[in-house]
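Below: the structure, in C-alpha cells.
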C-alpha cells in the first residue's frame, strides 16, 4: 500500500516508552528532533550560499563515530552481506539519547542500558538530485536485528551494538529495506534548540482543528502561529489532547520540520552570512557522523541536490498494526508487502513516484 507523501503520515514519531500510546508516560524524548536538525543543515549547505565558509564551519564542529570494525559481530552485516549500491545517496538520521546525559535509560527486555535511537529517518537523494525523500521508521517496529541478536524494536540496535551501535543500526535498516545506506548521522536536542533560537523562533502551521493546551501550559490554535524554542518543543511532544494520540502528534512534527527547513533557507537568512554560519555551526557541534561524511563530501553531495530543497517528500514506513511482543513489549508489526514495494522503489530510483501515487 503506497504511503502518503507530505501528508498526515500515521506513525512518524512513535510514543516514548513501551506502553500503548494512550497509556504512555509523558516523559518525552530529549532527542526526538535530531533528524530535523540534520535535514536543515543539509538544506543550508544545498542552498549553495557561502558554501566554502559553511563547509569549514561544519567540518570544524562535527564529531565522528567510533571507527567501524569489520571484524566485529556488532556491525550486524558483513560487507559481503550488505545490499548492493545504487545511484542514489542514502543517509540514516538518528535522534539519540546515547551520550546525551539524559540520565534516563529505558527498561527494555534484553537491551543492556536501554539507550535507543528515538528517531530513525532514511533520507534518499536520487541520482537526478531534483528531489529528496524522507522515510520515517517507527521506533517500535518489531524486527530481527542482524548479527544474531534476535527480535527487538528496530531502534534497539544502537544499544545492543555498544561502540559499534551506529553500524548495527545501519545494518538493521539495510536488512529491513534491502537498501544500502551510504552515511549515518546522529544529532541531539541541543542542536534543535539552538537552531530555533538562531532563527529567532519559527512560524508553524498547526493543522489540528481545535485549540489545545500542553502540559507545559502553552496553548496552540489552528493555523499558522509563532513559536519560540520552548513552545516548539512542547508542540511536537504533546499528544494527550488528541483522540488519535500519536497520529496527530506526528502531523504536528511534520508541520514543524517543514517550517524549520523553509525558514532556515529563506532569502533573508541566506543573505546573512553570519546567520547562516551560526546555524551550521550550532547544528554541527551537536552532530556525529561517519568518517566518510566529511565537509567536502557533504558539501559536494548537497550541492548536486541544491535544487531539491523545495521538493522534500515526507512519509512513514507503513506497519501491519499494533500488538505485543513475546516478551511483553508494545510494538508495531511489519507490513512486509509495503516494505517490499518501497525497497523496489529505492533500488529502481522511483521512490518519488511511489510516494506521489
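What do you reckon, is residue 88 surrounded by 13 or more Cβ atoms within 10 Å (Cβ to Cβ) and at pLDDT below 80?
So residue 88 does not fit the description; no.
Can you pull out every residue in segment 199-217 that is in contact (Cβ under 8 Å) with a residue 60 or more places away in the chain and either over 28 Å from residue 274 (Cβ atoms) or buried (at least 19 other Cβ atoms within 10 Å of the Cβ) (or both)?
199, 202, 207, 215 - these are the residues of segment 199-217 that are in contact (Cβ under 8 Å) with a residue 60 or more places away in the chain and either over 28 Å from residue 274 (Cβ atoms) or buried (at least 19 other Cβ atoms within 10 Å of the Cβ) (or both).
Take residue 217 and tell me if it is modelled with pLDDT of 95 or more, over 21 Å from the mean Cα position of the chain (by Cα) and on the phi > 0 side of the Ramachandran plot. Before the answer, list the steps.
On the way: modelled with pLDDT of 95 or more: yes; over 21 Å from the mean Cα position of the chain (by Cα): yes; on the phi > 0 side of the Ramachandran plot: yes.
Considered against the rule, which asks whether it is modelled with pLDDT of 95 or more, over 21 Å from the mean Cα position of the chain (by Cα) and on the phi > 0 side of the Ramachandran plot, residue 217 comes out as yes.
Out of 129, 101, I need the residue that is more than 19 Å from the chain's Cα centre (by Cα), modelled with pLDDT under 85 and under 21 Å from residue 287 (Cβ atoms). Which one? Steps first, answer last, please.
Values: 129 fails: under 21 Å from residue 287 (Cβ atoms).
Result of the check over 129, 101: 101.
Which residue, of 161, 165, 95, is within 30 Å of residue 301 (Cα to Cα), crowded, with 24+ Cβ neighbours inside 10 Å, touching a helix residue (DSSP H, G or I) at 6+ places or on another chain (Cβ under 8 Å) and modelled with pLDDT under 75?
95
Among the residues of segment 225-240 satisfying the criterion of being out of contact with any helix residue (DSSP H, G or I) (no Cβ under 8 Å at 6 or more places or on another chain) and surrounded by 12 or more Cβ atoms within 10 Å (Cβ to Cβ), which is modelled with the lowest pLDDT? Explain how you work it out, then say what you get.
Restricting attention to segment 225-240, the residues satisfying the condition of being out of contact with any helix residue (DSSP H, G or I) (no Cβ under 8 Å at 6 or more places or on another chain) are 225-226, 230-231, 234, 240.
Restricting the remaining residues to those that are surrounded by 12 or more Cβ atoms within 10 Å (Cβ to Cβ) gives 225, 230-231, 234, 240.
On the way: 225: 94, 230: 88, 231: 92, 234: 85, 240: 88.
Checked segment 225-240; the qualifying residue modelled with the lowest pLDDT is 234.
Among 134, 173, 179, 184, which is modelled with pLDDT of 90 or more, under 30 Å from residue 324 (Cα atoms) and in a strand (DSSP E or B)? Before you say what the answer is, go through the steps one by one.
Working: 134 fails: modelled with pLDDT of 90 or more; 173 fails: in a strand (DSSP E or B); 179 fails: in a strand (DSSP E or B).
Answer to the check: 184.
The values are calculated or read from the model by the stated rules, or taken from the named source; none is laboratory data. None of these values were measured; they are calculated from a predicted model. Reconstructed Cβ throughout: ideal geometry from the backbone, glycine too, with neighbour counts over all protein chains shown.
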